[in-house]
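Below you'll find the structure, written out as structure tokens, and then a few comments.
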Amino acid sequence: MTVRIGTSGWSHPHRDGVLYPPGTPARDRLGHYLRRFDTVIREWAGRDREVYVYFDNDGAGDAVRDAGTLRHLLA
């Protein structure tokens with residue numbers, strides 16, 4: 001079984017300092033993203049297929065902080 005880890009996009013400013021080095025310009029975010037992940041989830045809602053896993057950060061801290069942590073936990 002192949003497990004692919006990605007996020008719903010790469011241009012989110014709230015990932016500055018988490019996924020990208022602090023102050024990374026928007027034009028450079030995709031390059032940083034692709035160094036860590038080979039998948040971007042697009043139209044993931046599963047209109048014609050199952051969605052096996054989806055997580056989102058929540059206020060209670062019950063979710064994995066980021067996709068990199070999830071990848072590490074699954075390895």
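Things worth noting here:
- Residue pairs meeting the criteria (Cβ under 8 Å; at least 6 apart or on separate chains; first over 29 Å from Thr2 (Cβ atoms) and part of a helix (DSSP H, G or I), in region 19-37; second among the polar types (S, T, N, Q) and modelled with pLDDT under 85): Ala26/Ser11
- Residues being under 16 Å from Thr69 (Cα atoms), in a loop (DSSP other than H, G, I, E, B) and small (Gly, Ala, Ser) - total across region 1-18: 2
- Meets criteria (small (Gly, Ala, Ser), under 12 Å from the mean Cα position of the chain (by Cα), at pLDDT 70 or above and not in a loop (DSSP other than H, G, I, E, B)) for Gly68: yes
- Against the list (1) surrounded by 15 or more Cβ atoms within 10 Å (Cβ to Cβ); (2) at pLDDT 75 or above, the condition Gly23 fails is (1).
- Leu73 among the aliphatic types (A, V, I, L, M), modelled with pLDDT of 65 or more, out of contact with any Phe, Trp or Tyr (no Cβ under 8 Å at 6 or more places or on another chain) and not in a loop (DSSP other than H, G, I, E, B): yes
The values are calculated or read from the model by the stated rules, or taken from the named source; none is laboratory data. Please read these numbers as outputs of a predicted model, since none were measured by experiment. So basically every Cβ, Gly included, is an ideal-geometry build from the backbone, and we count neighbours across all protein chains shown.
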